[in-house]
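Working notes, beginning with the structure itself.
The values are calculated or read from the model by the stated rules, or taken from the named source; none is laboratory data. Note that the coordinates shown come from a computational prediction; the quantities given were computed from them, not determined experimentally. For neighbour counting, all protein chains shown are included, and Cβ atoms are generated from backbone atoms with ideal geometry for every residue, glycine included. Surface accessibility is based on the protein's heavy atoms, side chains included, excluding ligands, DNA and RNA. Shrake-Rupley method; radii C 1.70, N 1.55, O 1.52, S 1.80 Å.
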Amino acid sequence: MATLIVYNEGVHFTGCLQMVDHHLRQKLKDENSVRWIVVGLHDALYAILIEKLTRTDGFGVFNDKFEAEAYKFYGTGQASSSPDFEALCEKSSKENLAGIGKLLERANLGSNARVRASNIDSLERPSRGVSHLKKMRDFLAHPRPMLSGYYESWLLETLDDTLSVIKEVLQMPSSRSTRHDPREAEVLLSSIAYYLSVWRARACSVREK
């Protein structure tokens, strides 16, 4: 009998953290390891936002236009017991999810973390870090014919900010049961924080020589 490999947002979250942890453990950070650290942290943040913001009706993480349609459905007095609800759910499978910037706005974190596409260096942390990470992830996941380079100090700030936002999102209440293994996530995040500190210390010692 064939084995079925199943994914959900919780699997995406811990899988991305595992990838980040693996590449952070490499003593020498080359282009390949940095690529997957950046992609992994971005996608881990996206996955945990989806897990936390999805409501019990399955909505809450789609684009604004479709979310407005869902609210209109409830506004007419209909509920999940309505035949039209099944049609709405089926339609959702063809709709785009909101981007990471929009999901952060909906999360409305205490840190006020936001993703912006311009004037990034003028932003406060952690918005500056997650905005830089979003631009890096877009380039590293979808390469374009251009040259891009990142100073270690700049990169470490970006990764630190993103890690802090992931931890903040984890503290959000959720209307559904947890999709990931909380203990595994805790261990992985602690390991990631440790290896980031090792990288930072090593980078500082090189600069001081």
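For every residue, the table says whether it meets (1) touching a residue at least 24 places away in the same chain (Cβ under 8 Å); (2) open to solvent by less than 40 Å² (accessible area, probe 1.4 Å).
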{"residue": "41", "(1), (2)": "yes, yes"}
{"residue": "46", "(1), (2)": "yes, no"}
{"residue": "53", "(1), (2)": "yes, yes"}
{"residue": "59", "(1), (2)": "yes, yes"}
{"residue": "71", "(1), (2)": "no, no"}
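Among the residues of the range 73-100, those identified as buried (at least 16 other Cβ atoms within 10 Å of the Cβ) and within 26 Å of residue 171 (Cα to Cα) are 97, 98, 100.
For (1) of a type in the set (S, T, N, Q); (2) within 17 Å of residue 59 (Cα to Cα); (3) in contact (Cβ under 8 Å) with a residue 12 or more places away in the chain, each residue gets a yes or a no:
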| residue | (1), (2), (3) |
| --- | --- |
| 92 | yes, yes, yes |
| 104 | no, yes, yes |
| 116 | no, no, yes |
| 145 | no, no, no |
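Consider the range 91-105. How many of its residues are of a type in the set (Ser, Thr, Tyr) and in a helix (DSSP H, G or I)? The number of residues fulfilling the criteria is 1. The sole residue among 104, 109, 123, 97 that is modelled with pLDDT of 95 or more and either touching a Ser or Thr at 6+ places or on another chain (Cβ under 7 Å) or among the hydroxyl-bearing types (Ser, Thr, Tyr) (or both) is 123.
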